[in-house]
1. Given DSSP loops and a limit of at most 12 other Cβ atoms within 10 Å, what is the longest stretch of the chain that contains no such GluC sites (Glu not before Pro)?
2. Please compute the Cα-Cα pair-distance distribution of the chain with 10 Å bins starting at 0, giving whole percents from short to long.
3. Give me the 1.4 Å probe accessible area per residue for the chain, excluding ligands and nucleic acids, in Å².
4. At a 1.4 Å probe radius, carbon and sulfur cover how many percent of the accessible area of the chain?
5. Mind ranking 30-38, 5-13 by how tightly packed they are, going by the mean number of other C-beta atoms within 10 angstrom, highest first?
6. Let me have the relative contact order for the chain, percent, based on Cα pairs under 8 Å that are six or more residues apart.
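The values are calculated or read from the model by the stated rules, or taken from the named source; none is laboratory data. Predicted model, so just to flag it, every value in this text is computed and none were measured. Cβ sites come from the backbone with ideal geometry, for glycine too, and all protein chains shown count toward neighbours. Calculation scope for accessible area: heavy atoms of the full protein, side chains included, ligands and nucleic acids excluded. Shrake-Rupley method; radii C 1.70, N 1.55, O 1.52, S 1.80 Å.
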Amino acid sequence: MKENARAVILSAACSAVSRMSARYFQSKGIAVVNIVRRKEQEEILKAEGAKIVLNSSDEQFETSLQEAVK
């Protein structure tokens, strides 16, 4: 991890390791961009407090990702 990182992108964000990583990064004040493949995974992460959750199956995924990392 970069010393002064401001954000991190987690693919397969609904996995146990990604969810633990997200909590760690959020506790350090680092923004987390979570990428999932299914709608139900989006809902799980949002219920756990994830602020940015993108679905790679969405038609607008690439545009949404570009906006999220600005």
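1. Longest stretch, sites excluded: 4-58.
2. Spelled out bin by bin, the chain gives 21, 55, 22, 1 percent.
3. On the way: 5120 Å² over 70 residues.
Heavy-atom accessible area per residue stands at 73 Å².
4. Accessible surface attributable to carbon and sulfur in the chain totals 50 percent.
5. Working: 30-38: 18.9, 5-13: 15.3.
Sorting 30-38, 5-13 by mean packing, highest first, produces 30-38, 5-13.
6. With pairs under 8 Å counted, the relative contact order is 28 percent.
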